[in-house]
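In what follows, a structure is listed as structure tokens, so that the remarks can point back to it.
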Amino acid sequence: MTTTLHAPLARYAARLHADAGDRHHVASPLGAWLLLALAAPAATGPDRDELDHLLGVPAPTASALAAALVDRPHPLVPSATAVWHRTGRDTAKLADWRTGLPGTTATGPLPDQAGLDAWAREHTLGLIDRFPLTMSSDVLLALASALATRISWADPFDLAPAQQLGASSAWAGRLGQVLRTPARGHRAWIAATGPAGDVAVHAARAVERDGAGLVVVSVAADPAVPPADVLAAAYEVGPNAVDDAPPAGRRSLFDLPLGEGPAWSLREERVRTHARDGREERHPAVLPCWSARDEHDLTGRGLGFPAVGRTMGELLGEPDLRVEARQAAMARYGRYGFEAAAVTGAFAVVSLPPEGVARTAELRFGHPYAVVAVATDRRGGTGPWHGVPVFSAWVAEPEEPTATDLAAPPDSD
């Protein structure tokens, strides 16, 4: 992820997580952001302004950032994007927009539901087994993104009694064991943040592959701090955890009061130390295992997808298209590793007409009626015979169909 994306993605994440509030949940703001970035270059007018605002950068920049991610896949975070259209509904505008998509973005005819589900499984390491939206004949266009990871910690956790979570933790009485940082390999500190004040930070590293890695950062604040502010703090300190340099905002333990803090207990003792100033700082951490599985409706929550629907409608020549957007996400955090996946889908759907009243008249010729045979004549325009009744009848004696009436007529010359 480039530095340019940090702040825009943090702002978008705040919007996406806001609806979940303090309930246990997992999501991938990046997965949703990628779809906006794919669509934004095609948007115009107010829709372009809205998407630029939500993306946090102009559409061309967002498109370039998205392409940089998906066209150079991370060894530990497989990713994929796709744009599918209904057969027979391609247009020149749609084709022109597709030429600007990332080179790895899959394109082509809309898959059926089984195909969508298979795509979700393939691109999430099997962690998500179905696409978050249901295919129907009303869908003209679909956009999708997938992100996944399954990693092992470079240094697994130790186990500890749950009581080490502290007397004030309600979880201490519900759990038997929790995770405790090993003697080496993990990083932890207390950081000063803008949104949440002082927070406890823990960072666990994955085993690297081909020079690439993954760091999972946990951030705890005072329980009274709103979840949105703690999530914002995590997006603030998370990028600092990927390098070995001292993280920005790190608080010295010698500047904090002894005793119980918002998410720590600080004590002082006499030890033998190699610290140059004789003051050593230690940060052991205890935290629980956890898992979550969620689906998020992204359609009407100020996340940009209605603008995507209108944009796709312009490309397809269907200005009244509506949009459906959902994300399926899961994560699991344990002693030996971490796994997570998200599939985000957006459907551009033909708008249903407004409800009204329909009447159907089944016409029944069950009593005497009139018949008239009228000629047509379009030879060189409108000929003299055109519209002239040639035969007429009054039908008062119906008959059974004959054998010849029931058979196919012979071919005529």
Restricting attention to the range 310-340, report how many residues are closer than 19 Å to Ala37 by Cα, outside any strand (DSSP E or B), touching a helix residue (DSSP H, G or I) at 6+ places or on another chain (Cβ under 9 Å) and of a type in the set (Gly, Ala, Ser). 0
Does at least one position in the range 240-255 carry a residue that is closer than 30 Å to Gly21 by Cα and either in contact with a His (Cβ under 6 Å, 6 or more places away or on another chain) or among the β-branched types (Val, Ile, Thr) (or both)? yes
Candidates Ala7, Ala20, Ala14, filtered to the one that is of a type in the set (Gly, Ala, Ser), within 12 Å of Gly302 (Cα to Cα) and surrounded by fewer than 19 Cβ atoms within 10 Å (Cβ to Cβ): Ala14
Answer yes or no: is there a residue in the range 112-121 that is exposed (fewer than 14 other Cβ atoms within 10 Å of the Cβ) and touching a residue at least 12 places away in the same chain (Cβ under 8 Å). yes
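Return the residues of the range 122-139 that are of a type in the set (A, V, I, L, M, F, W, C) and not in a loop (DSSP other than H, G, I, E, B); say none if nothing qualifies. It would help to see each step written out before you state the result.
Pass one, the range 122-139, residues of a type in the set (A, V, I, L, M, F, W, C): 125, 127-128, 131, 133, 135, 139.
Once the filter is applied, which keeps residues that are of a type in the set (A, V, I, L, M, F, W, C) and not in a loop (DSSP other than H, G, I, E, B), the range 122-139 yields only Val139.
I'd like the full set of residues that are open to solvent by 100 Å² or more (accessible area, probe 1.4 Å) and either more than 15 Å from Val201 (Cβ to Cβ) or among the small types (Gly, Ala, Ser) (or both), limited to the range 278-289. Break it down stepwise before answering.
Step one: of the range 278-289, the residues open to solvent by 100 Å² or more (accessible area, probe 1.4 Å) are 279, 282.
Listed by number, the list holds a single entry, Arg279.
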Restricting attention to the range 126-145, which residues are of a type outside the set (D, E, K, R), modelled with pLDDT of 95 or more and open to solvent by 70 Å² or more (accessible area, probe 1.4 Å)? Thr134
Determine whether the range 334-356 contains at least one residue that is open to solvent by 40 Å² or more (accessible area, probe 1.4 Å) and at pLDDT 90 or above. yes
Residue that is nearest to Ala14 (Cα to Cα), among those in the range 44-73 that are surrounded by fewer than 23 Cβ atoms within 10 Å (Cβ to Cβ) and among the small types (Gly, Ala, Ser): Gly56
Exactly one of Glu324, Glu268 is of a type outside the set (Phe, Trp, Tyr) and loosely packed, with under 15 Cβ neighbours inside 10 Å, and that residue is Glu268
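Is it true that Gly166 is at pLDDT below 90 and of a type outside the set (Asp, Glu)?
Working: at pLDDT below 90: yes; of a type outside the set (Asp, Glu): yes.
Judged against the criteria, Gly166 is a match.
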Return the pairs, sorted by first residue and then second, in which the second residue is open to solvent by 40 Å² or more (accessible area, probe 1.4 Å), the first residue lies in the range 125-145 and is on the phi > 0 side of the Ramachandran plot, the beta carbons are less than 8 Å apart, and the residues are 6+ apart or on different chains. Leu125/Pro78; Leu125/Arg150
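With the structure loaded, tell me whether Gly103 is at positive phi, open to solvent by 40 Å² or more (accessible area, probe 1.4 Å) and at pLDDT below 95 or whether it fails that test.
Working: at positive phi: no; open to solvent by 40 Å² or more (accessible area, probe 1.4 Å): yes; at pLDDT below 95: yes.
No; evaluated as a whole, the condition is false for this residue.
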Name the residues in the range 236-256 that are open to solvent by less than 70 Å² (accessible area, probe 1.4 Å), part of a helix (DSSP H, G or I) and either among the β-branched types (Val, Ile, Thr) or within 16 Å of His6 (Cβ to Cβ) (or both), would you? Val237, Gly238, Pro239, Asn240, Ala241
The one condition in (1) part of a loop (DSSP other than H, G, I, E, B); (2) out of contact with any strand residue (DSSP E or B) (no Cβ under 8 Å at 6 or more places or on another chain) that Ala228 fails to fulfil: (1)
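Looking at Ala167, Ala148, which one is open to solvent by less than 30 Å² (accessible area, probe 1.4 Å) and either within 30 Å of Pro319 (Cα to Cα) or not basic (Lys, Arg) (or both)?
Ala148
The values are calculated or read from the model by the stated rules, or taken from the named source; none is laboratory data. Keep in mind it's a predicted model, so treat the numbers as computed, not measured. Counting neighbours? That spans all protein chains shown, and the Cβs are built from the backbone with ideal geometry, glycine included. Accessible surface is based on the protein model in full, side chains and every heavy atom, while ligands, DNA and RNA are left aside. Shrake-Rupley method; radii C 1.70, N 1.55, O 1.52, S 1.80 Å.
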